[in-house]
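Data block below; observations after.
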Amino acid sequence: MQAIQPDQASFMLHGAFLPSVKNEQRITKCVVEAIPLDKGDFRPDEISKTALELAWHIVATEMRFMDAVAAGAFDFTPRPRPESIKTSADMIAWYADNFEPRFQALTQLDNEQLVKIVDFRGMFQLPAVMYLNFMMHHSVHHRGQLSMYLRPMGAKVPAIYGESYDSAAARKAAG
């Protein structure tokens, strides 16, 4: 595989990954907000994470990946959910407070930082910028799981990449 050139990494960051990361963050926010405030402990099966545990996994992992791209290395120190996060509203507030500064830091990275090879648990050695794509795939995967929790817990599924049944019904009812 041919190495990514610094100008290519910059194009990938600013032309593709940052706009996508911002859009995915908006969608993640909608899915987490859809968790009813009193249903954060819902789990579809005894071996599944609770809704809040899964939401935390998504948002905390995004912070870990953005930090790794900016730092040029992963920090795998455990990041337990803060005691202050008891509801989906608390999770969204934490997500907003923590996402934006990290996102802004990504916009300031220079080309050499973007092409630095970063190790991920000995499994992958990729240019730092590529981990943003990895991060988005991770979030999409787990957000899909979380969206499947919503109807069984009595919530509505928001529009994700187009209308959901619930968002279409709400639009029709309003119009």
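The values are calculated or read from the model by the stated rules, or taken from the named source; none is laboratory data. Quick caveat, the model's predicted, so the values are computed rather than measured. Backbone-built Cβ (ideal geometry, glycine too); neighbour counts: all protein chains shown. SASA here: full protein model, heavy atoms, side chains in, ligands and nucleic acids out. Shrake-Rupley method; radii C 1.70, N 1.55, O 1.52, S 1.80 Å.
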Regression test value, accessible area per residue of the stretch 1-147, probe 1.4 Å, units Å², expected 51 Å²
Convex hull per residue volume in Å³, alpha carbons only, for the stretch 1-98
143 Å³
Stokes-Einstein at 10 °C, 1.306 mPa s, Kirkwood radius from Cα pairs: D for the stretch 62-119 in µm² s⁻¹?
124 µm²/s
I want the local charge near residue 154. Using Cβ-Cβ distances under 11 Å, sum +1 for each Lys or Arg and -1 for each Asp or Glu among the other residues.
+2
Points 7 angstrom from Cα along the Cβ direction at residue 121 and residue 107: gap in nanometres?
3.2 nm
Dipole magnitude of the stretch 32-175, debye to nearest 20 (Cβ charges: Lys/Arg +1, Asp/Glu -1, about Cα centre)
380 debye
Could you compute the FRET efficiency for residue 74 and residue 165, with r as their C-beta to C-beta distance and R0 at 45 Å, rounded to 0.05?
0.70
How much accessible area does residue 100 have with a 1.4 Å probe, in Å² rounded to the nearest 10?
70 Å²
Correct semi-axes for the stretch 9-63, from √(5λ) of the alpha-carbon gyration tensor and rounded to whole Å with the largest first, are 29, 12, 7
Keeping every protein chain in place, order 143, 102, 43 by accessible area at 1.4 Å, biggest value first, i.e. largest first.
43, 102, 143
Treating only the Cβ atoms of Lys and Arg (+1) and Asp and Glu (-1) as charged, compute the dipole magnitude of the stretch 1-105 about its Cα centre; round to the nearest 20 debye.
120 debye
State the percentage of accessible surface on the stretch 91-167 attributable to carbon and sulfur atoms; use a 1.4 Å probe and exclude ligands, DNA and RNA.
59 percent
What is the diffusion coefficient of the chain in µm²/s, taking the Kirkwood radius over Cα pairs and the Stokes-Einstein relation at 37 °C with a viscosity of 0.692 mPa s?
190 µm²/s
Given a cut-off of under 8 Å on Cα pairs at least six residues apart, what relative contact order in percent is computed for the chain?
32 percent
How compact is the stretch 47-146 by the rule of thumb for globular proteins, expressed as Cα Rg over 2.2 N^0.38 Å?
1.11
Sparsely packed chymotrypsin sites (Phe, Trp or Tyr not before Pro) within the stretch 1-99, loop by DSSP, other Cβ within 10 Å at most 11:
76
Once the Cα atoms of helix 18-33 and of the chain are each reduced to a long axis, what angle between those two axes, in degrees from 0 to 90 to the nearest 10, is obtained?
20 degrees
On Cα atoms only, tilt of 165-174 relative to the major axis of the chain in degrees:
60 degrees
